[in-house]
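To start, the structure itself, in structure tokens.
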Amino acid sequence: MATVSAPGSTPSSAKRIEVSIKKAVGPGDDKVHTWPHLVRAEFICAVLVTVGLIVWALLVDAPLEEPANPSRTPNPSKAPWYFLGLQEMLVFFDPWHAGVVLPSLIIVGLMVIPYLDINPKGNGYYCFRDRKWEILTFFLGFHILWISLIVIGTLLRGPGWNWFWPWQAWDPHKVEALTSVNLPYLVGIRDYFWAAVFGLGIVVAFFAVGIAAMYAWVVWLKGPEFMERWGLVRFGITAFLFLNMIAVVAKMLMRHMFNIKYIMETPWINI
Amino acid sequence: MRFFLGKSLQLIGICNVGFGLLYGLTNEGGLRFELRMLIVGSAVFLIGRMIEGRGAA
């Protein structure tokens, strides 16, 4: 039997969690030790990947280019592939937002997941039925907001960071008219001050309505006792992070479909 | 040539390691053979790594 004491508590008042350790008898057993049953299988996977990489290294030369020449910059000038998602976001957001705020939200959001998640199901059993919300949110965050942007930045962006489909040649002379306008301008507001006020109102309203709608949805779906158990702080942080994810997708679609540059524009901050 | 020889030895070594692990996973009491394969595979891999060399910076 193993005993675990709650951190920070005295031995006399320590909460004892007793977990029986079952002796592993083989891979077919219900519960077996991580080592060697899991680690060995994982190591075999790593070996297979390494074999693939060595064969690749033997057959294909690395696509290295000539030494950098500051007087002749390449077009398009692309970041390493794993940063192309961030570079692609620069098309849609201010550099401070795409390069600082959103990556910070990603990192902080990933760090707080264990504190926000109170679903006891799925601890080690990641079946979709028990964790629909978590898995779908992960799908949105990882596949839509990260992987798809890397794919777009790698394969679909050519000279001038213009959009090229795979069957189109990368013509460096392609000219695209920059017809994007800010949302306040689109609805007819020409004054800078009132345009900023309007934009700020849209941003605030998005979060206010979004949080209220999400609150009503969670209460409708899971009941008020769940919301009481979850707590307003945990709910508020979750809703804020989730609405930011939705906002990124919405902003990108608005740019692609309606040529909207910014929702809110000020001399200091654009959103 | 040196590069290809080195990489090929690395490939053989890593395949040895993989086969040893697979043998250990699928056979009861196969630890001795598994360890032997792991050691031999690692040694062949390291020899390949030394032969391959790296160009001067």
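The values are calculated or read from the model by the stated rules, or taken from the named source; none is laboratory data. Note that the coordinates shown come from a computational prediction; the quantities given were computed from them, not determined experimentally. Neighbour counts are summed over all protein chains in view; Cβ atoms, including those assigned to glycine, are modelled from backbone coordinates with ideal geometry.
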Does B:LEU31 fit the bill of being within 12 Å of chain A (Cβ to nearest Cβ), over 19 Å from A:LEU53 (Cβ atoms) and aliphatic (A, V, I, L, M)? yes
Quick check on A:LEU48: is it of a type in the set (A, V, I, L, M), surrounded by 10 or more Cβ atoms within 10 Å (Cβ to Cβ) and at pLDDT 90 or above? yes
Quick one: how many residues across the stretch A:228-239 are surrounded by fewer than 16 Cβ atoms within 10 Å (Cβ to Cβ) and assigned to a helix (DSSP H, G or I)? 5
Looking at A:GLU88, A:GLU65, which is the one that is acidic (Asp, Glu), modelled with pLDDT of 90 or more and within 24 Å of A:LEU155 (Cα to Cα)? A:GLU88
Of residues in the stretch B:5-25 being at the interface with chain A (Cβ under 7 Å from one of its Cβ atoms) and under 10 Å from B:ILE51 (Cβ atoms), the one farthest from the chain's Cα centre (by Cα): B:LYS7
